[in-house]
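The next block holds one structure in the form of structure tokens; read it before the comments.
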Amino acid sequence: MSHPRTVPPSVDVVIVGAGFSGMYLLHKLRELDLTAVVFEAGADVGGTWYWNRYPGARVDVESLAYSYSFSDELEQEYEWQERYPTQPEILKYARHVADRFDLRKDIVFRTRVSAATWDEGAKSWLVRTEHEDAVTARFLVMATGCLSASKMPEIPGLDTFKGATYHTAHWPHEGVDFSGLRVGIIGTGSSGVQSIPVIAEQAADLTVFQRTPAYSLPARNRRLRPDEIKTMKLNYRKFRQAQRESGFGVPTPVPTKSALEVSEAERDAAFEVAWESGSLVNLLTAYKDLAVDQAANDTAKRWIHRKIHDIVSDPQVADDLSPEYPVGTKRPCLDTNYYETYNRPNVHLVNLRRTPLVEVTEKGIRTSEREYEFDAIVYATGFDAMTGALTNVDIRGRDGLSLKETWSAGPRTYLGIGTAGFPNFFMITGPGSPSVLSNMVVSIEQHVDWVTDAIAHLREQGLRVIEPVREAQDAWVDHVNEIASYTLYPKANSWYMGANVPGKPRVFMPYAGGVGEYRKKCDEVAAKGYEGFELTV
Ligand code: NA7
């Protein structure tokens with residue numbers, strides 16, 4: 001279906017994506033009296049929260065922290081209902097923001113950007129969409145999100161299945177009734193972990209196909225109390241500042257002790273507190289060396305294995321659910337009744353490490369051991385993370401340079417904001433920035449503020465073009481890699497490493513130095529006249 005909108009032939013900025021990034025960016029650009037058009041593939045705002053409507057979908061950062069800070073009025077007037085809001089509640093918030101700031105009039109929905117080419121003569125981008133729109137823009141900003149290019153498993157026969165097929169990232173808006181059905185689900189990342197308990201309650205039978213188990217913590221979700229909302233509203237400014245200076249974009253006390261310097265009893269008690277708190281960050285920051293020291297991390301791993309064995313009654317199933325990679329090196333999950341669900345008689349776990357997937361058949365799924373018959377298959381198989389949504393668009397910089405080809409050995413960026421060879425091109429939370437290792441809203445706001453400040457600076461200086469200098473980019477890439485090398489992150493086959501996509505280069509993509517440190521670096525670059533960028537007329 002094409003869009004019914006008239007698209008302006010020329011704007012200051014084309015924004016790709018109307019999720020949290022694109023919405024705030026549009027708002028900021030308007031404040032600068034710049035013209036912008038947003039292209040959005042979905043039929044409404046919300047990005048991730050528009051698409052991922054699977055049962056049980058929730059954010060795993062607390063609502064009062066996972067929200068915009070740019071408007072006092074918005075903060076004060078909005079009433080969050082739950083500690084960890086559901087997808088519908090967050091989408092409602094995104095819609096509220098769109099209405100409140102009158103954003104939709106500059107957003108063209110149901111429209112994917114297909115190509116963007118830098119015109120060196122005109123010093124502008126020519127952006128094309130799937131509906132033959134062609135817009136020139138001085139700046140192109142990819143606000144496409146880190147987890148938006150969804151991914152099916154690479155197994156034969158995907159189209160042969162005669163029953164219903166769903167992907168968690170493209171869930172039908174009207175919902176799905178699994179009552180009485182035999183359901184198979186592939187994938188046990190956050191989407192699987194959140195949806196499995198809900199689907200299990202409905203389906204006659206649910207079979208979970210697991211390649212790698214997740215570390216998951218009970219969310220302990222609940223309705224927010226009026227008094228805690230009131231306290232937060234009184235203290236928002238201080239809280240936001242603490243978010244910006246923190247490691248993960250969530251204020252937490254900085255750990256001072258090593259997991260190896262305390263007694264087992266003390267450690268067990270600390271892990272128990274984190275487990276009971278329902279906060280992933282509390283677990284990851286229980287001790288200062290969990291992310292960098294294998295022996296320290298092993299203490300957390302053993303403790304969680306014990307918890308899983310305490311909850312899951314079949315010891316073999318508990319073993320299969322216990323991950324071997326270091327805690328935190330793949331994205332941990334927050335759940336409601338995840339491990340408990342495996343005690344239900346209608347739920348079965350298939351360990352694909354023992355019996356790998358072979359193919360999807362007309363009737364269901366075949367592993368190396370046997371064929372399983374289903375009425376419906378759910379793919380909770382994740383995303384071509386961090387780069388997929390960028391390289392899926394045919395972006396051509398100087399001299400026809402293709403972004404996809406330029407990044408064939410892994411993404412190379414300066415600060416995760418720009419990339420050499422692509423003038424006036426910005427990414428919001430791109431690879432090389434804290435992005436997925438942080439509370440996304442905090443990182444999004446920081447990037448949008450930085451990018452719009454840079455555009456305003458160019459205007460004030462009578463300059464037109466900004467582009468990262470290759471040497472500065474090389475130094476940043478080295479720095480990102482160096483920080484990753486001090487951590488245990490590279491030890492897991494995670495989507496942080498591109499390891500979930502066959503053929504994708506194995507490179508640790510996010511910046512692991514923390515949100516606060518990263519912000520300081522970005523501010524310093526700006527204060528030094530955008531050091532490491534070349535600014536020209
Ligand atoms: P994830 O976290 O990438 O999880 C995808 C899951 O699907 C994961 O368990 C994968 O196993 C599994 N998978 C993917 N491809 C296959 C194939 N070919 N065969 C078997 N299993 C497969 O995506 P989610 O949507 O759950 O969550 C994404 C993020 O959203 C999450 O981290 C939060 O930040 C919010 P693998 O681990 O690759 O062995």
Give, to the nearest whole percent, the P(r) tail of the chain beyond 33 angstrom, counting all Cα pairs.
41 percent
Once fully extended, how much extra length lies between residue 470 and residue 292, figured as 0.36 nm per residue of separation less the alpha-carbon to alpha-carbon distance?
61.1 nm
What does the highest-first list of 460-472, 431-443, 180-192, 218-230 look like by mean Cβ count within 10 Å?
431-443, 180-192, 460-472, 218-230
Which residues among region 46-83 fall inside the zone where the amide N is under 16 Å from a point 7 Å beyond the Cα of residue 173, along Cα→Cβ?
46-54
Placed amide H near residue 108: partners under 5 Å, 5+ positions off or other chain:
38, 39, 40
Could you tally the net charge around residue 237, taking each other residue with its Cβ under 12 Å from the Cβ of residue 237, Lys/Arg +1 and Asp/Glu -1?
+2
Please list, in order along region 64-69, the HN-Hα scalar couplings obtained from phi with the Karplus expression 6.51 cos²θ - 1.76 cosθ + 1.60 (θ = phi - 60°), rounded to whole Hz, x for Gly and Pro.
5, 9, 8, 7, 5, 10
For region 115-211, share of DSSP beta bridges that run antiparallel, in % to the nearest 5
65 percent
Largest first and rounded to whole Å, the semi-axes √(5λ) derived from the alpha carbon gyration tensor of region 289-336 read 20, 12, 9
Within region 8-132, what percent of beta bridges assigned by DSSP are antiparallel, to the nearest 5?
55 percent
Show me 233-245, 336-348 ranked by packing, highest mean number of other Cβ atoms within 10 Å first.
336-348, 233-245
Restricting to the chain, what percent of DSSP beta bridges are antiparallel, rounded to 5?
40 percent
Calculated log₁₀ intensity ratio I(q)/I(0) where the Debye formula runs over C-alpha points of region 167-206, q = 0.21, 0.23 Å⁻¹:
-0.65, -0.78
So the pair-distance distribution of region 414-537, from every Cα-Cα distance in 5 Å bins, comes to percents of 2, 11, 20, 24, 19, 13, 7, 3, 1, 0
In units of 2.2 N^0.38 Å, what is the alpha-carbon radius of gyration of region 1-157?
1.12
Across bins of 10 angstrom width beginning at 0, how are the C-alpha pair distances of region 140-268 distributed, in whole percent?
8, 23, 27, 25, 15, 3
How large is the Kirkwood hydrodynamic radius of region 205-285, in angstrom, based on all distinct alpha carbon pairs?
15.8 Å
Cβ neighbours within 10 Å, averaged per peptide: list 142-150, 321-329, 30-38 in order, most packed at the top.
142-150, 321-329, 30-38
So, R0 is 45 Å and r is the distance between the beta-carbons of residue 233 and residue 265; what FRET efficiency does that work out to, to 0.05?
0.70
Which value in Å does the Kirkwood hydrodynamic radius of region 399-462 take, with 1/r averaged over all unlike C-alpha pairs and then inverted?
12.8 Å
For region 119-165, with the dipole built from +1 on Lys and Arg beta-carbon atoms and -1 on Asp and Glu ones, taken about the Cα centre, which of 144, 158, 134 lies farthest toward the positive end?
144
Please give the contour-minus-distance gain from residue 394 to residue 409: 0.36 nm per residue of separation, less the Cα-Cα distance, rounded to one decimal in nm.
3.7 nm
Can you list the residues, at least 5 places off or on another chain, whose amide H is less than 5 Å from the amide H of residue 124, using H built in the peptide plane?
119
Reachable lysines, given that their alpha-carbon falls under 17 Å from the alpha-carbon of residue 238 and they are not under 8 places away in the same chain
230
If I histogram all Cα-Cα distances within region 1-58 using bins 5 Å wide from 0, what percent of pairs lands in each bin?
4, 17, 24, 21, 17, 9, 5, 3, 0
For region 82-142, I need the span (max minus min coordinate) of the C-alpha atoms along each principal axis, in Å, sorted largest to smallest.
52, 21, 21
Where Rh is the Kirkwood radius over Cα pairs, Rg/Rh for region 468-537:
1.06
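Read-outs: derived from the displayed coordinates by stated rules, not from any lab. For clarity, every value in this text was computed on a predicted model and none was experimentally measured. Note that each Cβ is placed from the backbone with ideal geometry, even for glycine, and that neighbours are counted across all protein chains shown.
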